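Colleague: Structure below; questions to follow.
The values are calculated or read from the model by the stated rules, or taken from the named source; none is laboratory data. Just so you know, these numbers come straight off a predicted model, no measurement behind them. Backbone-built Cβ (ideal geometry, glycine too); neighbour counts: all protein chains shown. Side chains are part of the model used for accessible areas, which takes the heavy atoms of the whole protein and leaves out ligands, DNA and RNA. Shrake-Rupley method; radii C 1.70, N 1.55, O 1.52, S 1.80 Å.
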Amino acid sequence: MFKKKSLFVGLSILLVLCLAVSVSAKEPKYGGTLVWRVGAETASMDPHVANTLGSTQLLSRIYSTLLRYDESANVVPYIAESWKVSEDGLTYTFKLRNDVYFHNGRKLTSADIKYNIERMIDPATGSPRASRFNLVNKIETPDEYTVVFTLKDPFAPFLGNFADPNAMIIPREIVEDESIKKKAVGTGPFMIKEMVPGDYVLLEKNPKYFVKGLPYLDQLKLKLITENSAIAASMRSKAVDFTVVWGAMYKFFDKMKNIRMQDVPVFAWAMLEFNSSKPPFDNAKLRLALAYAIDRQEIIDAVMLGNAKVTAPVPEGMKGYSADWKTLAGYQVDLEKAKALLKEAGYPDGLKFELKTSTAYAPYVPTAQVIQSNLKKIGVEAEIIPLEWGAYIKDITNFDTWVACFHSFPSYTADPDAYLYRWFHSKGAWNIGFSDPVVDELLDLGRRLTDVSSRQMVYRRAQVRLAQLAPAVYTWRTRVSYAMQPYVNGVTLTPPTIYFDGAWLDK
Amino acid sequence: MASEGNTTDDTRRKNNKKILLRRILRQKSGLLGALLILLFLTTAAFPGLFSNYDPLEMNKKHRLEAPSAQFWFGTDEFGRDIFSRVIFGSRISLFISFFTVVLANIGGIIMGVLGGYFGGMRDNVIMRMMDVLFSFPFILLAILIIAITGPGVFNVIISLAVAYLPYSARIARGAVLAVKESQYVEAAKASGASDLRVIGKYIMPNITAPIVVYVTMSFAFALLSEAGLQFLGLGARPPIPSWGLMLNETRGIIEFAPWTGIFPGLAIALAVIGFNLFGDGLRDLLDPKMKQ
Amino acid sequence: MSTYITRRFILTVFILFSLSIIVFVSMHAIPGDIVDIMLGIEATPKSVAALKKALGLDRPIYLQYLKWFSNVLQGNLGDSLRTGRPVMGEILYRLPLTLELILYSMIISLFIATPLGIASAIKQNSWFDHILRPISIVGLSVPSFWWGILFIILISYYIPSFYSGGYVSIFKDFWGNFKAIFPPALALGIAMAAVVTRFTRSSLIEVLQEDYIVTARAKGLTEVLVVGKHGLRNSLINVLTIIGLQAGYLLSGAVLVEAVFSLPGVGRLALDAVLQRDYPMVQGSILIISFLFVMVNLVVDLLYGLLDPRIRIS
C-alpha cells in the first residue's frame, strides 16, 4: 500500500520534472557532471541559521523539505506524501514517506520533523525561520510516519512555510555532536564530496535518494564566479553548463549563440525602506512625497538595463494577490504632487537624509544613485552611504542607526503573507518601525481567511493602504532567467529555487 | 673623485657630454611629467572649464552611448557624460592622493628623523612598529582600516596614509642615517648645537632632496592604491566621481561598453605617468652623483 | 651570522605576535559580525544574541584571543566560522596558487626586464633606449587590476578557448594550470617588469661608470666580460632589493588580481574572510601572508650578504 503510494508520488514528481523543461521526449540519460555557476557561498553550514542566497543554493541540494513548490508555484509532496487540513484550519496532518533515509543511513521518522520545527522555534537556535512556525501550539507524532501540527490560530499560508526551500530537515545527531558546523547530512539528492571555499563545491549523487531513479547526474558542481565578463566567458567556453542571468548580464547572453534561456517568475523585490519609527520618516506624507518623486522606470532602464519590472508590494507571480501598481499611490512620477506633499509634511525646503545601502550586490549602489538624482529634483538630498554587507546588516537591524535603506530580497514562499506580515504588521518579526491599525487588521484577516478570492481582496486592499502610507518604496522586480548549454535538460525551475534532481545531460 | 687622474681628459669629456645629454633628455621627460601633473591640477582646480556637462546629471535619452562629438568619452548607464566625470574625478583622486602623501610623509619623516637621528631605543621601538605594519600587505591594511571607519573621503585618506607610513618612515630614516655621519653634522654637534637645531638646520635641508623625489613617487603609489581600494567598492561615497569608483561601477558592463572603463583607466595611468616622469626628472636633477 | 639569524627570528616572532593582536582587535572593531551576515536582512537582535552565544562570540575579546592564541601555540589555527573546516587546511590549499601567481609574475617580469634593462644600459641613449624608457614608465603606471579586466575581455571575446574553467594544480594539468595562471600573472608582472627594467638599467649604468669597471676596461677585458662579470652581479643586488620591496606590492596586487580573475588564492581568502567576518580565517590568512613576506625579506637580506661581501650583515 505504502509502496504503491510512494511510487505514485515518485512518478508524479517525475512527471512534473519532465514537463518542467519542455525540450524533447528523449529518454533521460544517467551520469555526468553539471557545472552550475553561483555568485555566493554559504554563510553557514547550519540550514536553520543560514539565511543567504548562497546558503540556500548549496544546502537545499543536500537537505530536503517536507513539501516543495512546482514550476507554477503550487505546493507538491516531497518528504510528506500527503497532508490534510482540518475544517477549522487549526490542525495539519502530514503523512510521511517511509523510505526516506539520511545520508548517514538512518531512516527519517516523524520525530525528526517534530525535532526540526522545534529547533527552528527555539530562541536559543537564533533561527530567522522561528517566526514562520511561531503559531504552532503543539506537534504530535501519533506514529512513525505521521506528524500533526496544531496551531494557535488559523494560518492560511502555513503550508507554504514547509515548501520554503529553507525549511530543511536535518538529523538530530549532527546537532548533538556539533558536526553540523562543518558537515551537511541531509536526505536530498546530493552529498558533499569536496568543498573548496572561494572556488567550488563538488556534490555527488545520493544513491539512496528517496525519489526513485533520481538523480540522473553523477555529480553537481557549484562553481563560484562573480564577474560578469568571467561568467560570460565561462559559458562561451562551456566551462559552465548552467547559470542564472539577471540585470546587466542579459547584455552578454542575448547575443550568445547555442545557449538556451528560460525565464522564471522569481518572487523578489528591491525596495527603499524608511524607518517609520523615527524622524523624519515617521511622517507618512513625507514618505509618500518621496515615493512620488522616484522614477522606477528610470532605475530599471539604467541599473537593470531594462530587464526588470515595476512591482506592487506583492509581485505579479503570486497569483491574483498582486495589486495593479498603476493604480497605487506614489507609483507614478508626479513632481508637483511630491512638492505639494513635501510642503504639507512640513518640509517646504526639502531635507537631507542618509540613504544606506550595501556594496555587496551590484545593483544597490547604482539604484541608490538614481534615487538620489530623482529626489534632487524636489529639493531632497539623499546622501548615499555604501557599506559592505556585514556593516550594513549591523546598521539596519538597529533602528537607531538608520533612517532609510535600500536592498532587495527574495521570497521563498509563494504567499503574500510571508513578507507583508514580517515587514509591515506591528508584530512582524522584521517590522521596519511601521505600525498602522488598518494594515494590521487586514494582514491578520489574511492569515485567518481560507477562501482564496476573499484573501486576494484583503491583500489587494492592504497594498492600496501600504502604498498610501509608503513605509517602503518598491522599485523593481528583476527579470530572472536561467541560461544553459543546449545539452542540459530537466532542471526544475520553481520561483523560490531550482532543483537538480531531475537534471540530465544529453551528451 | 679620487681616481680622476686615471682617466684621460678625452674620456672625461666624452662622459661629461653623455651625462649632460642624458640629463637634458631626462629633463625633457621630467618636463612632460610636470606638464601632465599641471594639466590634472588644472582640471582638478577648475573642472567646470573643461566639461560641458554636470558630471552628476543623469540623462535618460543618452544611455551607454559610445564616444561621439557630443560626448567625447561616451556616456555611462545613467546617461552621465564620462568626459565630465573623468575631469571631475581628477579632483577627488588628486585630493585623496595629495593628503595621503602629505599625511604619510609627515608621519614618516617625524618617525624616520626621530629614529634615525637619535638611534638607540627610540629607533628600535619606532622601527619595530614600522616593521609590523610593513609586513602587512598594504591593501589588506587599508581595507581593515576602511572597514572599521566606514566609507568616506577622509577615511580613505587615513587608511592609505597608515598603510604607506612604514614605507615613508624607512625612506626618511635611511636619508637621515646617510647625512648623520657627515662632517658638518658632526661639527655642529661638537660645537654644542641643540638636537632641535641640528635637525632643523643641518639634517632637514640635506634630506630634502632625496625625500622630495620619494614624495613625488609616492603620489603614484597613492593614486594607484586609491584606485584599487575604490575598485573594490570600499571608499568614497557616490555619486562623487573618482577614477577608481568609476572603474568599479563599470565592472559589470565594460565588456559591451568598453569606453566606460577605458577612459577612467587611462586617466589613472596618465596621472601616474605624470608623477613618475616628474619624479624621475627630479631625481636626476637632485641626485648628487649626477652633479659635476 | 648565527646571532643575526637568531635576532631576525625573534623579530619575526615579535612581528607576527603584534600583528595577530592588531588584526584581532581591528576585526572586532569592524561594525557587524559573522552572525549578522549569517542571518542576513531578517536578523533580529534576539536571534543575533542567541547565535552569538552558540558560536562563543559573546565572551570578552581578550578571552577569545587567549583561546585562539593558546590554540596557535599548539599549531592549531582554529576552524572557519563559516564552513567549520580547519583554517590551516584552507590556507595550505590556497597558498600554492598565490605563490605560483607571484612566482610566475616574477619570472615573467625578470624574463622581460633583465634583457631589456641590460640592452638599454649598454646601448645607452640609442633609439632602443629612448623607446624603452617611456614604455617602461607606462608599464609601471597602469594598475594591475585594469590589465586584468582588459585581459579577461580579450580572452572572453577573441580566444574563448584560452578561458580557464578555474585553477588546477600544475601537477594535475599543466595546460589548464597555465591558462588559469598566465593572464593574472602577466597582469601582475607588467608593473614589476617595468620597475626591474628601469632599475637594472640605471644600476648597470652606474656600475659601468665605477672606477673598478673603468679599470677593468683599461686592463683590456672584453666588454662582454666586463658587463657580465662586474655589471651583472652588482645589478643583481639591486634587483634583489626590488624584489624585497616589491614583495609587498605583489602580495597587495595579488589580492586585487585574484578578485578580478575570481581565483581562489590566499589573498582573496583574506579579503573574503574580512568581508565575511570569519575571524579565525582572517587571523590565520594574514598571519601566513605576513610570515611569507617576512621570510622573503629575510632571504633577500641573506642573499645580499652572499652576493656582495662588502655588505656586512650585523
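Colleague: Please turn the phi angles of segment A:404-416 into ³J(HN,Hα) values with the Karplus equation 6.51 cos²θ - 1.76 cosθ + 1.60 (θ = phi - 60°), one per residue in order, whole Hz, x for glycine and proline.
Modeller: 8, 8, 10, 7, 10, 7, x, 9, 8, 10, 9, 10, x
Colleague: Still on this structure: Would you mind giving the mean number of other chain beta-carbons within 10 Å of the Cβ of each residue in A:353-362, as a whole number?
Modeller: Neighbouring Cβ atoms belonging to other protein chains average 2 per residue here.
Colleague: Could I ask something else about it? Compute the acute angle (0 to 90°) between the alpha-carbon long axis of helix B:204-231 and the principal axis of greatest extent of the alpha-carbon atoms of chain B; round to the nearest 10°.
Modeller: 20
Colleague: Which shape class applies to segment A:292-334: rounded if a/c is under 1.5, otherwise prolate when a/b exceeds b/c and oblate if not, where a ≥ b ≥ c are the square roots of the Cα gyration tensor eigenvalues?
Modeller: oblate
Colleague: Could you list the GluC sites (Glu not before Pro) in segment A:366-460 that lie in coil according to DSSP, counting only those with at most 12 other Cβ atoms within 10 Å of their Cβ?
Modeller: Sparse-neighbourhood loop GluC sites (Glu not before Pro): none present.
Colleague: Sorted from largest to smallest, which semi-axis lengths in Å does the alpha carbon gyration tensor of the protein assembly as shown give for its equivalent ellipsoid, taking the root of 5 times each eigenvalue?
Modeller: 58, 33, 28
Colleague: Using 14 Å as the cut-off for backbone N distance, which residues of segment A:57-85 belong to the label zone defined by a point 7 Å from the Cα of A:Y101 along Cα→Cβ?
Modeller: Answer for this model: none.
Colleague: Sort A:344-357, A:39-52 by packing, meaning the average of other beta carbons within 10 Å per residue, with the highest value first.
Modeller: A:39-52, A:344-357
Colleague: What whole number of Å gives the distance from the Cα centroid of segment A:277-338 to the Cα centroid of segment C:114-135?
Modeller: 63
Colleague: Could you give each residue of segment C:56-64 its phi-based ³J(HN,Hα) in whole Hz, using Karplus coefficients 6.51, -1.76, 1.60 with θ = phi - 60°, and x for Gly or Pro?
Modeller: Listing the rounded values in order: x, 8, 8, 6, x, 4, 5, 5, 4 Hz.
Colleague: Here's another thing I want to ask about it. Quote the FRET efficiency, to the nearest 0.05, computed for B:L39 versus C:L154 with a Förster distance R0 of 22 Å and r equal to the Cβ-Cβ distance.
Modeller: 0.15
Colleague: Using the alpha-carbon atoms, what tilt in degrees (0 to 90, nearest 10) does helix C:232-260 show relative to the longest principal axis of chain C?
Modeller: 30
Colleague: Still on this structure: On a full-extension model of 0.36 nm per residue, what is the gain between C:K46 and C:V138, subtracting their alpha-carbon distance, rounded to one decimal in nm?
Modeller: 27.6 nm
Colleague: What percent do you get for the relative contact order of chain B when only Cα pairs under 8 Å and 6+ apart count?
Modeller: Answer for chain B is 26 percent.
Colleague: For segment B:136-187 and segment C:249-294, write down the distance between their C-alpha centroids in whole Å.
Modeller: 22
Colleague: Which residues among segment B:246-264 fall inside the zone where the amide N is under 18 Å from a point 7 Å beyond the Cα of B:S68, along Cα→Cβ?
Modeller: Backbone N within reach: B:257-260.
Colleague: Let me ask something else about it. For segment B:89-116, list residues with backbone N below 20 Å from a point placed 7 Å from the Cα of B:E57 toward its Cβ?
Modeller: What the label zone holds, given the 20 Å backbone N cut-off, is B:89-91.
Colleague: Leaving out ligands, DNA and RNA but keeping every protein chain, what accessible area does B:W243 have, in Å² rounded to the nearest 10, with a 1.4 Å probe?
Modeller: Accessible area, nearest 10 Å²: 0 Å².
Colleague: For segment A:483-507 and segment A:93-160, what is the centre-to-centre distance using only Cα atoms, to the nearest Å?
Modeller: With segment A:483-507 and segment A:93-160 each reduced to a Cα centre, they are spaced 29 Å.
Colleague: Could you check how much of the accessible area of segment B:31-291 is carbon and sulfur, as a whole percent, using a 1.4 Å probe?
Modeller: Carbon and sulfur atoms account for 70 percent of the accessible area of segment B:31-291.
Colleague: While we're looking at this one, here's another question. Can you give the extra length, in nm with one decimal, that the chain gains between A:S453 and A:Q262 once fully stretched, where that is 0.36 nm per residue apart less the Cα-Cα distance?
Modeller: Residue separation times 0.36 nm, minus the Cα-Cα distance, leaves 65.7 nm.
Colleague: So, one more: Amide H of A:I384 versus every other amide H placed in the peptide plane: which residues, excluding those fewer than 5 positions away on the same chain, fall under 5 Å?
Modeller: Amide H to amide H, under 5 Å and 5 or more residues apart or across chains, A:I384 pairs with A:L355.
Colleague: Considering only the protein assembly as shown, what is the antiparallel percent among its DSSP beta bridges, to the nearest 5?
Modeller: If we restrict to bridges inside the protein assembly as shown, about 75 percent are antiparallel.
Colleague: Compute the FRET efficiency between C:T215 and C:L92 as 1/(1 + (r/R0)^6), taking r as their Cβ-Cβ distance and R0 = 56 Å, and round to the nearest 0.05.
Modeller: After rounding, the FRET efficiency stands at 0.60.
Colleague: Note down, for chain B, the three equivalent ellipsoid semi-axes (square root of 5 times each alpha carbon gyration tensor eigenvalue), biggest first, whole angstrom.
Modeller: Semi-axes from the Cα gyration tensor: 42, 26, 14 Å.
Colleague: Now for a different question. For C:H130, A:H425, A:H103, what's the largest-to-smallest order of accessible area, 1.4 Å probe?
Modeller: Heavy-atom accessible area, descending, gives C:H130, A:H103, A:H425.
Colleague: Once phi is turned into ³J(HN,Hα) by the Karplus curve 6.51 cos²θ - 1.76 cosθ + 1.60 with θ = phi - 60°, what whole-Hz value does each residue of segment C:86-93 show in order, with x for glycine and proline?
Modeller: Here the 3J(HN,Hα) series is x, 4, 4, x, 4, 5, 4, 5 Hz.
Colleague: Please report the relative contact order for chain C, taking Cα pairs under 8 Å with a sequence separation of at least 6, and give it as a percent rounded to a whole number.
Modeller: 26
Colleague: Using packing as a proxy for protection, rank C:5-12, A:163-170 so that the peptide with the highest average count of other Cβ atoms within 10 Å comes first.
Modeller: In decreasing order of mean packing, C:5-12, A:163-170 become A:163-170, C:5-12.
Colleague: Take every Cα-Cα distance within segment B:119-188, group them into 10 Å bins from 0 onward, and report for each bin the whole-number percent of pairs it holds.
Modeller: Distribution as computed: 19, 37, 26, 13, 6, 0 percent.
Colleague: Ignore the peptide's own chain and count Cβ atoms of other chains within 10 Å of each Cβ in B:224-233; give me the average, rounded.
Modeller: Other-chain Cβ atoms within 10 Å of each residue's Cβ, averaged: 5.
Colleague: Check A:G502: other-chain or 5+ apart residues with amide H under 5 Å from its amide H, H built from backbone geometry?
Modeller: Counting only residues 5 or more places away or on other chains, the set is A:T492.
Colleague: Relative contact order (percent) for segment B:67-192, with alpha-carbon contacts under 8 angstrom and 6 or more residues of separation?
Modeller: Across segment B:67-192, relative contact order equals 30 percent.
Colleague: Using only DSSP helix segments of four residues or longer, with each worth -39500 (n - 2.57), what per-residue ellipticity at 222 nm results for the protein assembly as shown after dividing by its residue count and rounding to 500?
Modeller: The helix contribution divided over the protein assembly as shown gives -17500 deg cm²/dmol.
Colleague: Further question on the same structure: Once both axes come from the Cα atoms, what is the angle between helix B:138-149 and the longest principal axis of chain B, in degrees from 0 to 90, rounded to 10?
Modeller: 60
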